[in-house]
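Everything on this sheet refers to the single structure shown next.
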Amino acid sequence: SFVVGFPGETEADFRELCDFVKAAKLDWMGVFEYSDVDHAESYALGEKVDAESIADRRDRLMALQKRISKKSLQAKYRKVKNETFLALVEGPSKENPMVWEARLEGMAPEIDGKLYLTDIELPGGDVAEAGDAVRVEITKSDAYDLIGRAVEILPRPAERAVANVPFIVPVPAEGKLHRIATGAPLRVLG
């Protein structure tokens, strides 16, 4: 995460930040706009950046990051044939009940992009549940999010059962969605 518009930040400073972001090629990144807080030490600093410039810099940096992230995610996850990735199934999506959400290794919850699973049922009939570690095939990538399907459910050690994982809420059997055979990913990304 970066802050733009800190007192004294010049356009040259901002360009240097943009150059760094281009070179770093981060998968996910956030940008906050600086704002004065009465009791912060920065409140007393001079050379304040006007609100319009701060908003413009945030928008420009996020537009740059969006292009970088889209290319990076596509190169990492979509260009690799027959490769699967380890993910943690979190449960049904709050944004779209037609899909489930999961996280790949390295994806911070509620910060980074999401992995949407359009299929959690394997050909043999096994169904992934919240808290399961699964191998997924990535079928589509967007600027920040990925879409995939579960291809293997990894065995769950007894001590790691859902009941012992406080941030995962078990889903009642009647609420489970097993397979999507429509264009659900298009609605998620559209």
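General remarks:
- In the full protein context, segment 2-78 carries 64 Å² of accessible surface per residue, based on a 1.4 Å probe and ignoring ligands, DNA and RNA.
- Per residue solvent-accessible surface (Å²) - segment 87-142, probe of 1.4 Å: 45
- Counting every alpha-carbon pair across segment 1-144, the share separated by more than 22 Å comes to 52%.
- Trypsin sites (Lys or Arg not before Pro) restricted to segment 75-143 and DSSP loop, no more than 15 other C-beta within 10 Å: LYS79, LYS81, LYS94
- Flagged links, alpha-carbon separation over 24 Å, of LYS71/LYS140; LYS71/LYS94; LYS48/LYS70; LYS48/LYS114; LYS22/LYS94: LYS71/LYS94; LYS48/LYS70; LYS48/LYS114; LYS22/LYS94
- Take the convex hull of the alpha carbons in segment 85-153; its mean projected area over all directions comes to 4.3 nm².
- In units of the compact-protein estimate 2.2 N^0.38 Å, segment 2-78 shows a Cα radius of gyration of 1.25.
The values are calculated or read from the model by the stated rules, or taken from the named source; none is laboratory data. Since the model is a prediction, treat every value here as computed from it, not as a measurement. Positions of Cβ are backbone-derived with ideal geometry, glycine not excepted, and every protein chain shown enters the neighbour counts. The protein model used for the area step is the full one, side chains on, heavy atoms only, and it has no ligands, DNA or RNA in it. Shrake-Rupley method; radii C 1.70, N 1.55, O 1.52, S 1.80 Å.
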